[in-house]
Amino acid sequence: MGWFILRRLVLLLVTMVIVSVGVFIITEASPGNVARNLLGSFVTPEQEASFLNQLGLDEPLWKRYLYWLAGTDWIASKRIGLPLERLTTERGFTEWWAKLPSGDLIRWQLKGEDLVAVIKHQDGRIEEKLDNRRWRKGGGGREFFWGVDLHNRAVLWQKGLSKKQWVYVHGKGWVEAAGGATDYIPLKKGFLRGDPGISLRTGRPVAKSLFVRLRNSLVLASISFVIVMPIALALGIVAGLTAERPIDRALSIVGMAFSVIPEFAMGIFLILIFALWLRWLPGASVFGNHAPWERPDMLILPVLTLSLIELGYVLRITRASMVEVMRSPYIRTAYLKGLPHHVVVFKHALRNALIAPITVIMLHVNWLLGGVVIVEVVFGYSGLGKYLLDSAMYKDINALEAGAMIMVVVAVGTQLVADIAYTFLNPRIRFK
Amino acid sequence: MGDVSQLNEYEYIEGKERKSLLSKSLRPFALIFSSRTATVGFAIVSFWIIVSVFAPFLTPYSPTYQDWKAPNQGPSWNHPLGTDELGRDLWARLIYGARIVLVIFPVSSGLWLPGGTALWGVAMALLVGSTLGLISGYKGGWIDEIVMRLLDAMISIPVILLYLLLVAALGASAVNVVIAIAIVGAPGIARLVRGLTLDIKTRDYIRAAETRGESSLYIMFVEILPNTKGPIIIDAMLRVGYAVFAMGTLGFLGLGLPPPSPDWGSMVAKGREFILAGAPWAALWPSVAIASLVVGLNLLADGLREELTRYQ
Amino acid sequence: MNIKNSKVLQVENLSVSYKTRKGWIQAVQNVSFDLSYGETLGIVGESGCGKSTVAFAIVNFLGPNGKVTSGSIKFEGKELVGLSRRELNRLRGNRISMVYQDPMAALNPILRIGDQLMEVLTYHRNFSKREAYEHCIDMLKRVHMPDPEAVMKRYPHQLSGGQQQRVVIAMAMLNNPALLIMDEPTTALDVTVEAAVLDLVEELKSEFGTSIIFITHNLGVVARVSDSICVMYAGEIVERGHVGQIFENPAHPYTRGLLRCVPLLGTSKSSTVLRPIRGRVPPPERRLPSMCIFADRCGHRENQCVDKKPNLREIDPGHEVRCFKGERFLYISLRDRRSAQKVRRIGSSTCAEKEKPLLDIRKLRVYYTQKMRIGVKHIVRAVDNVSVQVNPGCTLGIVGESGCGKSTLLKAIIGLEKVRDGKIFFQDKELDTLVVHRPLDIIKEIQMVFQNPDSTLNPAYPVGKQIERPLKRFKTVPRKRVREEALRLLRAVRLGQDYYHRYPRQLSGGEKQRVGIARALASRPSLILCDEPVSALDVSVQAAVLNLLMEIQNKFGTTFVFIAHDLSVVRYISDYVAVMYLGQIMEAGPTQRIYEPPYHPYTEALLSAVPIPDPDISQRRIRLEGNVPSAMNPPSGCRFHTRCPRRHLLPDGGKICQEKAPEEHVIDKNHTIYCHLPIETLLELDPVVEMKTS
């Protein structure tokens, strides 16, 4: 039992490593990059280079993977010579500061040739002052300085070499600005330390947007799961008990059709019926800033689409398992003991028949995730799936990685639950 | 009742055995028609195969011909299923779309292979999956352990994620769709074949081959592989159904064949935008097409499987 | 149920059909018999003759595809055919209960034994839980289940096969049924366990007075337990009578044929020849209603047998037979015929005494590791310190129960299993590598014949191809003559040329086994290892395969190592016999010497357990207790000491058996016994198997 769980956990780790590396490599190997995706295809090579440099995307792949995994602050802190600290402001923004020996926080900006320090005192008072004494002599006579800038990056400034850079300004998008540096390391704690980084597409922290999206998707998936399970298991058992008879025929064929029709086709059918023809329900689920449960009418169609598909699948699996169990010699024994039909079914058959579906259903969560993505796209539902799809399209690596990791955890986690349920239900494993 | 002195043990089989090649090749059809489910499935699948093979004769339009004057029309005499937002004939797009799924595989703009994209995907999955499954199952030990753990990891990666990564990364093309289908399908086939191999491996005829000192390759491919045929055929049929499903899904996500190819999934995706504007046809027909083909393939496979196991 | 009837069960003209793809097929036709209170009726016949169908028809459980097409089944005077489900439930498990072949499958894997037992009482008799529990414990004690309280809490997979069967029997007996139907209850069990279960059946019979229908294919078993016997063939009863009548004066050619097919424990190849029945049981669609069902296989067929169907008629009080000529056979005793068989022997033995052994195994150990889970491995000592020799042209028989290591020994010889320690010499060359590393000229010298006819041939290829493969691989004949040679081999195993193109699925079990033998012969080996080649075959076919093997030995001087769990078969075919238990040899020697005192205590127990289909032979009753210990953790000292019934003959209860492995006692002429008991004591023991003196 313990071994079982350990094995799954190892599998989870292996899968996460494979997927995270895979995402990096595949994103890398494919044509185009996030700069083009975001800035449009008329971007100049200089603009593109500046953009990639600022985001640290010009580093070699292994380094980027390492940074993503373990963060960059520890490397940057070595360069700067001061420890770094991450703060969250009252308005919810993340800020990176270097910490002076005095306990005050500091960061810098370059104004012309001058290095201006912004100091945040422990009492909250902010002070700006010239800080040119920090320039250090480098090879080739040029003075340089490693510091933290106002955009949460460790930067390398070189005196007299103010490059043009492209900066993201809220509301305006990407604009050209002076005060550029030669090297940038975007600061982050790394995935292992709970920081999936900043979305390249939106500039906002991935964790935050992901949370809302994940919540929305969970609402969708769990409502349909709660509706489907009891119905599907019950129908599956009924079909299994009436094997080969008309009820079973009907249930099996309808179940099969539901389970194999692609989610988008099912969604289209339901929209046509309920939104266009009957005009009972809205044909899209656009909540804006509201939570899904604030518009239950918009939830019905996506939930229904997902439910019908799951219903078909679970019904089929349960039916097959029930049929097999009802044909087994121990059920024959039970009948020949003279037990009434309901006792045979409920005491002898049911638990045996549910062992197989539970594992299979849990394995199916993997597919369910796919269904959720499609349903979200069909209905414009802003959930994890759509987020992931958009991230993939833009090659927004941080968002993609985080979304992928969540999916893997959900998929493998349910397998773990399935394993535990299986051992619990099956004494042959429990009492080995 | 005549003289039976000639009747001996050999004769029981004698009569049945010398069957003509014709009756042998008709046997699968007899099997299909003995199941109502399989017959219905067979009819649906045949319909799509026939319309896609004869597509050029079944419509005067080309799938990419745009009639600017008639966008988003409903069914009419000129356009039996209506037109899409660019005034392209939906029937033409539908049956040429079926062609890509079932009959031809557009490798590149100049190269077309016979056998649909879905079929190629399944074939590739079969090739990779059954080889892995055979090796893993027959060799056992650490090879099995490694292959199986890798497949476990593969299987636990959400399929949609794989699609997104593969096709988003590799770009939209029929070859990439085939690769995606193959990668997603191979682990399942490998597990199936491994299971069959583990079972067949214990048979005495494998022992007999081993005691002849046959090589592993001989045992795997000559002794074991032919005996996995039955379950693999049924599984492959289901997988073709799934491949059609996958093609549709990929197309719908914008990851299918590049426009203006008549790709069912992308037809739905495009048509979806016009549903609420009152032009549901462009989204409806390809949805119906995919649903019916997938359901047909599943009916066929299910019916066959049931028929094969019914009287055991 | 006040109608007092002297019969528990009356079956009249019962016919049962099954629905198949080809339509309805009659599996059982016109079966009639009745059963008195306290009587045990044996139903015997080969596979596919409809025995089990009759049993399931009685309990009205034929499944969705089966139905009783005509006839009546009266239980205690009440008609069972067409009874409602509710009424049936009142009878099943209460007045009629059933025990079947595979006890593991018959028990629900997820319910505790206690639950499964108690529900029989709580549903039928409204017992309280407490009462039911006590009653179950009581019943488990009566079926001699050790530690019944603990067993009640266990799950089926935690019990051994013998224990599971005891549980199933206890379950069937809980409500003291009037009728107990046992369908091959001992077939899946080892001989010693089987003997104990049969003892139990007899005990329960005398204790409860239950009427029993005992279904089996094993003539020995049926002879041991039955009062009267029905012989079934192809869905019909062909002969019916008292056990003495059937075994002493069988009147149907089929019954007589069956009895002549089985080697008796006292027969060897030099004294008897087995007479197989030709042909095979016709499949249901081939059974013509207008002629004798056995006509096409019968050696005494006349024109009337083909023109009309014989009825079951009484030819002696209580003795009925379905044959026109029944009376004529009645008084031709089979025993006389048996001795007459001595005259016809297959050639002379090719086994010469003093030659150098062809195969010489010295202190062989074969261990393999069983992976329990990651990091934890168990070493299974499958073969532990085994030494044995075989002379050219001889047959060495190895007997032992399942798990004794006999198959592993064969695998080590042929090179499928790694040798841990010890040596195997073959033609004076040492075999120390796995088969893949052996040179072709060694590989071709040792071939193997396998157990299961259904898996011995690759279903994907026609027979001819499978025989040709070794011919090509070992280049036995030039390429041009391969086909010719394959046809010759087919003829050698008595199969026609037309088999060349057939697929295995078109062959019967016996035919497949013949092809397997032909394939083994293809490389012209000097040693053939036979892994239970006849144990999965019906008796009538078994005889033919045994005869074929002996013919081959005579013709080519081939040496055989023949393993089997059936002591009669081993005795019949072997020149030397080795008895194995838990990876070690207990006793080895010339066949004749093994089957008479002095015995090893294990051999003695085995001989006592073998069911012998001859009511004139009596066996002393020696039963082993407990189960075979695990080979992962074998007992110290003598491996048999935990179950040895003779240990107490030694001073201080055989303490030495626990501490020290026994030395070999060479009695005489290669006859060795590994036991601490002195030879004198062993010599004093009476023979186990004796002819009753009339």
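Could you sort A:77-84, A:412-419, C:125-132 so that the peptide with the highest average Cβ count within 10 Å comes first and the rest follow in order?
Numbers: A:77-84: 16.0, A:412-419: 19.0, C:125-132: 13.1.
The peptides rank, most packed first, as A:412-419, A:77-84, C:125-132.
If you count the DSSP beta bridges with both ends in the protein assembly as shown, what percent of them are antiparallel, to the nearest 5? Working shown, then result.
Values: 106 of 143 bridges.
Counting DSSP beta bridges with both partners in the protein assembly as shown, the antiparallel share is about 75 percent.
Can you give the accessible area of C:K423, probe radius 1.4 Å, in Å² rounded to 10?
Rounded to the nearest 10, the figure is 90 Å².
Pairs of alpha-carbon atoms within less than 8 angstrom and 6+ residues apart define the contacts here; what relative contact order does chain A have, in percent? Show your work: numbers first, answer last.
Values: 627 pairs, mean separation 75.1, N = 432.
Answer for chain A is 17 percent.
Work through the residues other than A:G383 whose Cβ is under 11 Å from its Cβ and net out their charges, Lys, Arg +1 and Asp, Glu -1. Mind dumping the intermediate values first?
On the way: positive: A:R213, A:R215, A:K386; negative: A:E376.
Every neighbour counted, the sum reads +2.
For chain A, just the Cα atoms, rotate onto the principal axes and tell me the three extents in Å, largest first.
Sorted largest first, the three principal extents are 98, 58, 44 Å.
Under unit Cβ charges (Lys, Arg +1; Asp, Glu -1), what dipole magnitude, rounded to 20 debye, does the stretch C:359-581 have relative to its Cα centre? The partial results should precede the final answer.
Details: 35 positive and 22 negative charges, 194 e Å.
Its charge dipole is roughly 940 debye.
With a 1.4 Å probe and all protein chains kept in place, how do A:E48, C:E202, C:E664 rank by accessible area, largest first? Show your work: numbers first, answer last.
Values: A:E48 25, C:E202 70, C:E664 100 Å².
From most exposed to least exposed: C:E664, C:E202, A:E48.
Given B:L276, B:S108, C:P148, which one lies farthest toward the positive end of the charge dipole of the protein assembly as shown, if we put +1 on the Cβ of every Lys and Arg and -1 on the Cβ of every Asp and Glu?
Of B:L276, B:S108, C:P148, it is B:S108.
Which residue, C:P687, A:I358, B:F221, has the largest displacement toward the positive end of the dipole of the protein assembly as shown when charges sit on each Cβ (Lys, Arg +1; Asp, Glu -1)?
B:F221
I'd like the FRET efficiency for C:R365 and A:F346, computed as 1/(1 + (r/R0)^6) with the beta carbon distance as r and R0 of 45 Å, rounded to 0.05. Before the final figure, lay out each step's value.
On the way: r = 53 Å, r/R0 = 1.17.
Once rounded, the FRET efficiency stands at 0.30.
Kirkwood Rh, the stretch A:206-425, all Cα pairs: how many Å? Provide the component values of the computation, followed by the final result.
On the way: mean 1/r = 0.0530 Å⁻¹.
After inverting the pairwise mean of 1/r, the radius is 18.9 Å.
With +1 on each Lys and Arg Cβ and -1 on each Asp and Glu Cβ, how big is the dipole of the stretch C:7-226 about its Cα centre, in debye rounded to the nearest 20?
On the way: 24 positive and 23 negative charges, 184 e Å.
The dipole of the stretch C:7-226 has a size of about 880 debye.
With the cut-off at 32 Å, report for chain C the share of all Cα pairs above it, as a whole percent.
Roughly 56 percent, rounded to a whole number.
Kirkwood Rh and Cα-based Rg: tell me the resulting Rg over Rh for the stretch C:7-226, rounded to two decimals. Write out the running numbers ahead of the final one.
Values: Rg = 17.2 Å, Rh = 17.9 Å.
Rg divided by Rh gives 0.96.
At 1.4 Å probe size, with no ligands or nucleic acids counted, give the accessible surface of C:D360 in Å², nearest ten.
20
Given B:A92, B:P80, B:S130, which one lies farthest toward the positive end of the charge dipole of the stretch B:51-134, if we put +1 on the Cβ of every Lys and Arg and -1 on the Cβ of every Asp and Glu?
The residue sitting most towards the positive pole is B:S130.
Relative contact order, percent, of chain C when contacts are C-alpha pairs under 8 Å separated by at least 6 residues? List each step's numbers first, then the result.
On the way: 1399 pairs, mean separation 85.1, N = 694.
Answer for chain C is 12 percent.
Any idea of the total accessible area buried by the B-C contact, 1.4 Å probe, rounded to 100 Å²?
Values: alone 16950 and 30530 Å², together 43900 Å².
Answer for the B-C pair: about 3600 Å² buried.
For the stretch B:183-312, what is the accessible area per residue in Å² when the probe is 1.4 Å?
Details: 4270 Å² over 130 residues.
Ligands and nucleic acids excluded, the figure is 33 Å² per residue.
Got a sec? What order do B:T117, C:T433 fall in by accessible area at 1.4 Å, biggest, i.e. largest, first? List each step's numbers first, then the result.
Working: B:T117 0, C:T433 55 Å².
Putting B:T117, C:T433 in descending order of accessible area: C:T433, B:T117.
Taking all protein chains together and a probe of 1.4 Å, list B:D84, C:D616 from the most accessible to the least accessible.
Details: B:D84 10, C:D616 40 Å².
Correct descending sequence by accessible area is C:D616, B:D84.
Comparing the chain by itself with all protein chains present, which residues of the stretch B:252-277 are at least 30 Å² less accessible (probe 1.4 Å)?
Listed by number, the residues meeting the 30 Å² cut-off are B:F252, B:L253, B:R272, B:I275, B:L276.
I need the helices of chain A that pass two filters: whole DSSP H segments spanning 18 Å or more by Cα along the axis, and mean Kyte-Doolittle score no lower than 0.0. Could you put the intermediate results ahead of the total?
Numbers: long enough: A:2-29 (40 Å, 1.97); A:206-241 (49 Å, 1.79); A:246-260 (21 Å, 1.19); A:296-326 (42 Å, 1.19); A:350-379 (39 Å, 1.75); A:397-425 (41 Å, 1.58).
In chain A, the long hydrophobic H runs are A:2-29, A:206-241, A:246-260, A:296-326, A:350-379, A:397-425.
Can you pull the mean other chain C-beta count within 10 Å for peptide C:108-117?
Values: counts 12, 8, 10, 7, 1, 0, 0, 2, 6, 1.
If you average over the peptide's residues, the count of other-chain Cβ atoms is 5.
Need one value for B:138-148: mean number of C-beta atoms belonging to other chains within 10 Å of its residues' C-beta atoms. The partial results should precede the final answer.
Working: counts 0, 0, 0, 1, 0, 0, 0, 1, 0, 0, 0.
Whole-number average of other-chain Cβ neighbours for B:138-148 is 0.
Considering Cα pairs under 8 angstrom that are at least six residues apart, work out the relative contact order of the stretch C:596-691 and quote it in whole percent. It would help to have the intermediate numbers written out before the result.
Details: 117 pairs, mean separation 38.2, N = 96.
With pairs under 8 Å counted, the relative contact order is 40 percent.
Order A:123-129, C:7-13 from most to least packed using the mean count of other Cβ atoms within 10 Å.
Numbers: A:123-129: 8.9, C:7-13: 18.6.
Top of the packing list down: C:7-13, A:123-129.
With Cβ to Cβ distances under 13 Å as the rule, what net charge do the other residues near B:A277 carry (K, R +1; D, E -1)?
Values: positive: B:K270, B:R272; negative: B:D84, B:E85, B:E273.
Net charge around B:A277: -1.
Roughly how many Å² is the accessible area per residue of the stretch C:557-694, as a whole number, for a 1.4 Å probe?
Values: 5560 Å² over 138 residues.
Normalised by residue count, the accessible surface of the stretch C:557-694 is 40 Å².
In Å², what does the accessible area per residue of chain A work out to with a 1.4 Å probe? Mind dumping the intermediate values first?
Numbers: 19460 Å² over 432 residues.
Each residue of chain A exposes 45 Å² on average to a 1.4 Å probe.
Give a residue-ordered list of calculated ³J(HN,Hα) values for the stretch B:207-216 (Karplus: 6.51 cos²θ - 1.76 cosθ + 1.60, θ = phi - 60°; whole Hz; x for Gly, Pro).
Karplus-based 3J(HN,Hα) across the stretch B:207-216 equals 4, 4, 5, 5, 6, 7, x, 5, 6, 4 Hz.
Hull surface divided by four, with the convex hull built on the Cα atoms of the stretch C:359-581: how many nm²? Numbers along the way, then the final one.
On the way: hull surface 51.8 nm².
Averaging across all directions leaves 12.9 nm² for the Cα convex hull.
Quick check on packing: order C:499-509, A:272-282, C:178-188 by the mean number of other C-beta atoms within 10 Å, highest mean leading.
Values: C:499-509: 17.9, A:272-282: 13.9, C:178-188: 22.4.
Ranked by mean Cβ neighbours within 10 Å, highest first: C:178-188, C:499-509, A:272-282.
For A:254-263, what's the mean count of beta carbons from other chains sitting within 10 Å of each residue's beta carbon?
On the way: counts 0, 0, 7, 6, 1, 3, 15, 10, 16, 4.
Counting Cβ atoms of other protein chains within 10 Å of each residue's Cβ and averaging gives 6.
Ignoring ligands, DNA and RNA, how much accessible area is buried between chains B and A, both sides summed, with a 1.4 Å probe, to the nearest 100 Å²?
Chain pair B/A: roughly 3900 Å² of buried accessible area.
Mind pulling the angle between the C-alpha long axis of helix B:90-102 and the longest principal axis of chain B? Nearest 10 degrees, somewhere in 0 to 90.
Approximately 30 degrees, to the nearest ten.
Which value, in debye to the nearest 20, describes the size of the charge dipole of chain C about its Cα centre when Lys and Arg Cβ atoms bear +1, Asp and Glu Cβ atoms bear -1, and nothing else is charged? Could the numbers behind the result be given before it?
Working: 97 positive and 75 negative charges, 581 e Å.
So the dipole magnitude of chain C works out to roughly 2800 debye.
Roughly how many percent of the accessible protein surface of the protein assembly as shown is carbon and sulfur, given a 1.4 Å probe and a whole-percent answer?
Working: 34530 of 60060 Å².
Roughly 57 percent of what the probe reaches on the protein assembly as shown is carbon or sulfur.
With viscosity set to 1.567 mPa s and temperature to 4 °C, compute the Stokes-Einstein D of the stretch C:596-686, Rh being the Kirkwood radius across alpha carbon pairs; µm²/s, no decimals. Mind showing how you got there, number by number?
Numbers: Rh = 14.3 Å.
Translational D for this selection: 91 µm²/s.
How many percent of Cα pairs in the protein assembly as shown exceed 42 Å?
Tail fraction, whole percent: 60.
So how much accessible area does A:Y335 have, in Å² to the nearest 10, using a 1.4 Å probe?
Its heavy atoms expose roughly 30 Å² to the probe.
The values are calculated or read from the model by the stated rules, or taken from the named source; none is laboratory data. Model, not experiment: these values are computed from the prediction. Quick reminder, even Gly has a Cβ in these numbers, built from the backbone with ideal geometry, and neighbours come from all protein chains shown. For the accessible areas, the whole protein counts, side chains as well, though only heavy atoms, and no ligand, DNA or RNA atoms are used. Shrake-Rupley method; radii C 1.70, N 1.55, O 1.52, S 1.80 Å.
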